[in-house]
1. Of the listed peptides 510-518, 235-243, what is their order by residue-averaged count of other C-beta atoms within 10 Å, with the highest listed first?
2. If the chain between Glu134 and Glu383 were fully stretched, how many nm would it gain, using 0.36 nm times the residue separation less the Cα-Cα distance?
3. For Thr170, what residues show an amide H to amide H distance below 5 Å, using hydrogens built from the backbone and excluding near sequence neighbours?
4. Under the rule a/c < 1.5 gives rounded, and otherwise a/b versus b/c splits prolate from oblate, where does segment 113-184 land using the Cα gyration tensor?
5. Residues of segment 481-611: accessible area per residue at 1.4 Å, in Å²?
6. Given a Förster distance of 45 angstrom, what is the FRET efficiency for Asp19 paired with Tyr163, based on the Cβ-Cβ distance and rounded to 0.05?
7. Using Cα-Cα distances under 8 Å and only pairs 6 or more residues apart, what relative contact order does the chain have, in percent?
8. Based on alpha-carbon centroids, what's the gap between segment 528-605 and segment 44-68 in Å, whole number please?
Amino acid sequence: MQDQPTTDPTTAAAKLGFDPDALRNRYRAERDKRVRADGNDQYVEVAGKFAHFVDDPYVDPGFRREPITDEVEVLVIGGGFGGLLMGVRLREAGVTDLRILEKAGDFGGTWYWNRYPGAACDVESYIYLPLLEEVGYVPKEKYSGAPEILEHSRAIARKFDLYRGAIFQTAVTSMRWDEPSGRWVVETDRGDAIRARFVCMANGPLDRPKLPGLPGLESFEGHSFHTSRWDYAYTGGGPEGGLVGLADKNVGIIGTGATAVQCIPHLAQGAKHLWVFQRTPSSIDVRANRPTDPAWAASLEPGWQKRRMENFNILVTGGMQDEDLVADGWTDIIRKLLVMVQRDASQGEPIDIVKTMELADFEKMEQIRARVESIVEDERTAEALKPWYRQFCKRPCFHDGYLQAFNRPNVTLVDTAGRGVERITPRGIVAGGVEYPLDCIVYASGFEVGTSFARRAGYDVVGRDGVRLSDHWADGVRTLHGIHSHGFPNCFMLGTQQAGFTVNFPHRLDEQARHVAHVLGRVRETGARRIEVTAQAEQEWIDTIISLSGMGRQFLEECTPGYYNNEGKPDLRSAQDGFYGAGPIAYFGVLRRWRDEGTMPGMVVEGGTAG
Ligand code: NDP
């Protein structure tokens, strides 16, 4: 017999196995505990007396070279996946006169800096590592560790001849458009003044470490560092662990986000005692990493990587596919949603997609909380490790050793009940009124999001008529497609802002890199002197971004604070600085249709045959 639809909450809860109203209330209460008046201002910039937190520990000190003052056709700023993909797509488009400029000592970006023990990517390696077919490589495991990803970055650079002309250990200090010559002049901290006809900025998100603005931060007399500049000279060991230098050390770690989740098991193994200072627990799902099956690798048909990337992207944005090729924690929530939709449909109940998504989310998070309970032995610790928010309020984590680390006798969770650490003293950390004496503090406190472009990039861009990008964007990001900004000719950005959000970042980067290579190719064909987006096209894109942000904004308002929702304060400004709300597939479609249209709508092309 078919169940009758019912609105009685007790029956509904019994049927579901949880009470949606009770969960909604709990989520709201947990969120309210964490919202702070200072929002993003609670963090301090890693500059001035904190500048040493961003020194590069992976290069030999004392590097010197002569300043470079030559001219190139294209200068790419950033040698992470964005810069690499940009370089590859430009090489494919026939650009030979190309330089990539990077502040690190090699290619790799995120994967150059983040070498902390356990660093790995929990997006499947077969879709995350770019250009696998082109480079002729199949990753060793379903989820790659950081060293393999860093090595793959170098392999891409070698394969596409991107080391030629590359400049490392060099940070841009200014970038200025010179109207008479129609060139950008890019100055650096090595005294360079490089002239370029085009500049592609692939500065990357999440690259500028941030520190909690705690009283006494500089007073600590022990050792401290940020996870993105891991000090192996102090801890011993390497990315695989083995932190033997900590055997007689009391270590504290601030933060329990995706980074902390990966390094805590290694700190737990290495330290004499580890204190984990938690403000908000992460959701920790199963990772189930496994070696690549050689028979499967051998069976892959040409074009497999693109198909797999698209399959994943469609599934995680709520689309339908006959098969779930990746089939992991990311796609699991969507599978749950589809099962619920089918169940409602088969019971003749009207389908309310927003409500069904919420229920699927509750179900998923109940499962995550049950997993904590099944692994963590101490009841109070288990309770404190349970996340009470919707899964995509924070970055979901996947790990098979993190929760287990709290069963070790040398690990203590210091849960701050949403309030965070209070202060740092010369001896250690104070939380909940208690001082914890420490030899070492590891800051797993994340990266700047929502601060100004110039602050994150370390330079401002001075465009046509002397207008600074920081002034042009003073009231919010202004672009067409997240790529071009009015007043900044021959300049392209591979940015997350005002672009479609993808779980699989390199997928978006490649779509943008292909797009920029296309535009640049068209300009080169015509021999045009410059290309610039019109003020009108830019404004129309901003209006689109804001108008599409509505539904997402309500979701974010109800979320626990974090960098996804401007630390609990989503507003019009953060909506404008945010993503293209119709999702990555629609965004890629917008770019494709714009290219297919053929006339480069919204752009002014001057000089050459197009002028
Ligand atoms: P996050 O910003 O995600 O985490 C910062 C952590 O610091 C949070 O737990 C935060 O708590 C905590 N924190 C900040 N201030 C205080 C305080 N005063 N007291 C106590 N705790 C505090 O940074 P991560 O480096 O962990 O991750 C950044 C991003 O990098 C991820 O979201 C992900 O996109 C990416 N990443 C990806 C990985 C992958 O597998 N692909 C692996 C690692 C990172 P609260 O939550 O309360 O704000």
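The values are calculated or read from the model by the stated rules, or taken from the named source; none is laboratory data. Just so we're clear, the structure is a prediction, and the values are computed from it rather than from any experiment. We place every Cβ from the backbone using ideal geometry, glycine too, and count neighbours over all the protein chains shown. Calculation scope for accessible area: heavy atoms of the full protein, side chains included, ligands and nucleic acids excluded. Shrake-Rupley method; radii C 1.70, N 1.55, O 1.52, S 1.80 Å.
1. Values: 510-518: 23.3, 235-243: 17.6.
Descending packing order for the listed peptides: 510-518, 235-243.
2. Numbers: separation 249, 0.36 × 249 = 89.64 nm, distance 4.74 nm.
Stretched out fully, the Glu134 to Glu383 stretch lengthens by 84.9 nm.
3. Counting only residues 5 or more places away or on other chains, the set is Glu102, Lys103, Ala104.
4. Details: a/c = 2.83, a/b = 1.99, b/c = 1.42.
Because a/c hits 1.5 or more and a/b exceeds b/c, segment 113-184 counts as prolate.
5. On the way: 5030 Å² over 131 residues.
It amounts to 38 Å² per residue over segment 481-611.
6. Details: r = 59 Å, r/R0 = 1.31.
So the FRET efficiency works out to roughly 0.15.
7. It rounds to 19 percent for the chain.
8. Each part's Cα centre sits 34 Å from the other's.
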